[in-house]
Amino acid sequence: APLINVYGELRTLGVSVVASNLRCADQNPLCDAVVDRSDGVAMFNWGEQRVAFLSFLDPESLGRVAPESSAGVELMPIRLAMTQSVRAARSRGATVVIASIDDGHGAEAASRAMTLMHGLSANDRPDLILAAGAGEEMLFARPSDFRPAIVGAPHGGATRATIQQRRQNETLDVVARPVPLAHWSSRPLSRWVA
């Protein structure tokens, strides 16, 4: 219940909570409060780009929730949900796909994100992964085939990821830098956090 209240408060500020691998069996206040699988892919325009934002939670995290609170709630495996969601985003015209993955901490989180990408075709991969728990040990990584870039944020801090499209070959380039909290650009979110 407290989380659902927080999600509702964030939504009033124009900040949606996305859970791309979350499904609910029946009408559930949690799924009503977030952008879940039944809502489709969260998309927005950013300059000339059509951006899809996806977010995935470790399915094992449901084991840390009381049974009465998780009844009727399912978290699909990240790889399956990501592949389906990235394909859906690309079919809806996404030119940039960003995926946040909350799966592990430190270097383990970055390693899991890279392992998830192994064997996926270019069309099934996001362009940028935000590895939620990786920031303690890693700020930025890029696999040998350059896609996707993986970005973490330090605990209690933020990271600015700059995505640029190279005109000559239509590829994306990503640069990540730490940003002190005093320099956050999201006023609604920084006011809410403060």
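The values are calculated or read from the model by the stated rules, or taken from the named source; none is laboratory data. Just so it is clear, the model here is predicted, and its values are computed rather than measured. FYI the Cβ positions are ideal-geometry reconstructions off the backbone, even for glycines, and counts take in every protein chain you see. We work out accessible area using only protein heavy atoms, side chains counted, and drop any ligands, DNA or RNA first. Shrake-Rupley method; radii C 1.70, N 1.55, O 1.52, S 1.80 Å.
Asn5 meets all of the listed conditions (1) of a type in the set (S, T, N, Q); (2) touching a strand residue (DSSP E or B) at 6+ places or on another chain (Cβ under 8 Å); (3) modelled with pLDDT of 85 or more but one, namely (2).
The rows are residues; the columns are (1) open to solvent by less than 20 Å² (accessible area, probe 1.4 Å); (2) without any contact (Cβ under 8 Å) to a residue 12 or more places away in the chain; (3) in a strand (DSSP E or B).
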{"position": "Ser69", "(1), (2), (3)": "no, yes, no"}
{"position": "Ala81", "(1), (2), (3)": "yes, no, no"}
{"position": "Val86", "(1), (2), (3)": "yes, no, no"}
{"position": "Ala94", "(1), (2), (3)": "yes, no, no"}
{"position": "Ala99", "(1), (2), (3)": "yes, no, yes"}
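Under the condition of being touching a Pro at 6+ places or on another chain (Cβ under 9 Å), surrounded by fewer than 20 Cβ atoms within 10 Å (Cβ to Cβ), assigned to a helix (DSSP H, G or I) and not acidic (Asp, Glu), the residues counted in the stretch 118-142 number 0. With respect to (1) of a type in the set (Asp, Glu); (2) modelled with pLDDT of 90 or more; (3) more than 14 Å from the chain's Cα centre (by Cα), the lone exception for Asp26 is condition (2).
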